[in-house]
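Engineer: Structure in structure tokens, see below.
The values are calculated or read from the model by the stated rules, or taken from the named source; none is laboratory data. All values derive from a computational prediction rather than experimental measurement. Note: ideal-geometry Cβ built from the backbone for every residue, glycine included; neighbour counts use all protein chains shown. In case anyone asks, the SASA skips ligands and DNA or RNA and just uses the protein heavy atoms, side chains included. Shrake-Rupley method; radii C 1.70, N 1.55, O 1.52, S 1.80 Å.
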Amino acid sequence: MDNATPTDETRLMNEPDAPSSETECPYCGAELKPDTKFCGGCGYQPGSLEGGAEEAAKPSAPVIELAVGDEVFDLAEGEHILGRSEGDLVVSNAYLSRKHAKLVVREGRLFIGDLGSTNGTFVDGVKLEPDEERELHPESVVKAGELPLTFTWPDAPVAESAEPAEGVEEAATQPAEAEVPAAAHVDQEVAEVGSPWRLKTADQEYPLPFGEIRLGRKEDRNDLAFPADGYMSGAHLVLDVDLDTLKLKDLGSTNGTLVRGEKVAPDEWLELTSGDEFQAGQTMFKVEVIAPVETLEPMADEPGPSEPEPPAEAADAEETPPEEPEA
């Protein structure tokens, strides 16, 4: 038995691995010597493609980096939506529409398309038509409205930073003047800009932020509360504030909401325009636009939008305050 010839199975276990027949890496093209265990260029293991293992061994596709001000996003293969409040690339900035542009990565190539935005999408100074798609390159200059978008490809060379002009760096890092409130300091490119809409009553103005704003009598249930108006319901109405639209919906209030002198149906959205007036309880509100909404291009020499004549005030209705349960 000691002199028995080893079986084929024993011989295979004792013999060294057969050298790979591959001479070139199928991924990076590097030369593979017969005794190479791993590719020095990308780490590929020779022979791992056998048995349908090609997809498992294939390195993941590189991503493209998008920078918008201080926000940085990684764009992997597939579709990405850029917008102010919707999509997977959300940047809170008034130059953007809710859903502004579509970015698509296909096999390492990057494409951009405008989604019918208010302020447009620009590639190398040319405004894209809605749903028009344009391929981007490392040297492309891209803007969403007035907001610059910067893309970095994984294999793109890193450019050396140029020296700032004399006084530029100091000016950029100087704090705001002491007399200017901190909230009034706004980065013109990337910081959030207030809504162009406001409400005006007889003695007060109320700038409106973006989003849904609830208005009513009770302070703990509303963004704008008017506790002195006993004819106003606890939660009277809601406003939907967007860059180019302002909508109102009555929340089933006891005494209703009058828009342009007519009572509106509850739970139905109604679009308002600059100059419109609506009444909640005994309080009359006027809608005003405090910034242009059609475009954010420089308009220093152009007149602002004209306001239509306000409708005649509705006749005072003889109504009694609703009965509210005591807390």
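Engineer: Give the shape of the range 210-250 as rounded, prolate or oblate, defined through the alpha-carbon gyration tensor: a ≥ b ≥ c are the square roots of its eigenvalues, a/c under 1.5 means rounded, and otherwise the shape is prolate if a/b is larger than b/c and oblate if not.
Structural biologist: Working: a/c = 3.08, a/b = 2.20, b/c = 1.40.
Cα axes put the range 210-250 in the prolate bin.
Engineer: Once you've got the Cα coordinates, tell me which of 143/247; 99/218; 102/143; 200/249; 102/127; 200/263 are over 22 Å apart. Working shown, then result.
Structural biologist: Values: 143/247 28 Å; 99/218 34 Å; 102/143 13 Å; 200/249 18 Å; 102/127 14 Å; 200/263 20 Å.
Exceeds cut-off: 143/247; 99/218.
Engineer: OK, next. Could you tell me the calculated FRET efficiency between residue 31 and residue 99, based on Cβ-Cβ distance and R0 = 51 angstrom, to the nearest 0.05? Before the final figure, lay out each step's value.
Structural biologist: Details: r = 49 Å, r/R0 = 0.96.
Rounded to the nearest 0.05, the efficiency is 0.55.
Engineer: OK, next. If you roll a 1.4 Å probe over the range 60-153 with all protein chains in place, what percent of the accessible area is carbon or sulfur?
Structural biologist: Working: 2040 of 4390 Å².
About 46 percent, which is the carbon plus sulfur part of the accessible surface.
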